[in-house]
Amino acid sequence: MQIALYQPDIPQNTGTILRLCACLGLAAHVIEPAGFPVSDRHFRRAGMDYLDQLEWRRHDSWSAFERWRAVSGHRLLLLTTKATTSYLDMTYRPNDILLLGRESAGVPDTVAEAADAQLRIPLKPGLRSLNVAMAAAMAAGEALRQVGHFVQLQSEQGGQA
């Protein structure tokens, strides 16, 4: 399971998501251009010392990410408020990539159309969206639960499932 961020705007959210990925053993992708310089110093506060444990990759552009994805064969699942399918109704696979858009604008239509599925988190009527880091955590949690990732992490720690 992997998480990709499309042109993120807010370094603190990006740092929080990268910390989430480090703690759960997920690979992360930052698709540039970002709304801030992408460097470790911008993520340190939210990511703390967890970033040293992170497998992450920067992609210079959406097209560079898509070229990488075409070669690697990963399915792309976009979290968007525009979707009709709940993230809870998806059957996840271990090699899926969860894609989250910019905090200020989501993703353009061309990016949305490239996704293999578009998913939403059901919200109380009249409310627009969650913080992108919260959405990433919720969707990753469900996806990882479905593919048995937490059972694997527990066994690695010597615990029982």
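What does the extension gain come out to for Met134 and Asp9, with contour length at 0.36 nm per residue minus their alpha carbon separation?
Length gained, Met134 through Asp9: 43.5 nm.
Per residue and in Å³, how big is the convex hull formed by the alpha-carbon atoms of segment 36-136?
Cα-based convex hull of segment 36-136, divided per residue, equals 138 Å³.
Taking amide H positions as placed 1.01 Å from N in the peptide plane, with prolines and chain starts having none, which residues 5 or more places from Leu99, or on another chain, fall under 5 Å of its amide H?
So Leu99 has HN proximity to Ala4, Leu77, Leu78, Leu79.
How much of the DSSP bridge set in the chain is antiparallel, in percent, rounded to the nearest 5?
Just about 5 percent of them are antiparallel.
Residue by residue, what Karplus-based ³J(HN,Hα) values in Hz, rounded to whole numbers, does segment 24-31 have, using 6.51, -1.76 and 1.60 with θ = phi - 60° and x for Gly and Pro?
For segment 24-31, the Karplus curve yields 9, x, 9, 6, 10, 9, 10, 9 Hz.
Given the rule -39500 (n - 2.57) for each run of at least 4 DSSP H residues, summed and divided by the residues of the chain, what is its mean residue ellipticity at 222 nm, to the nearest 500 deg cm²/dmol?
Rounded to the nearest 500, the figure is -11500 deg cm²/dmol.
Students often check this: by mean Cβ neighbours within 10 Å, which of 127-134, 16-23 ranks highest, and how do the rest follow?
16-23, 127-134
Please work out how much length the chain gains when fully extended from Asn95 to Arg57, using 0.36 nm per residue of separation minus the C-alpha to C-alpha distance, in nm with one decimal.
Roughly 12.1 nm would be gained on extension.
None of the figures in this text is laboratory data; all of them are computed from the coordinates on show. These numbers were taken from a predicted model, which means no experiment stands behind them. Note that each Cβ is placed from the backbone with ideal geometry, even for glycine, and that neighbours are counted across all protein chains shown.
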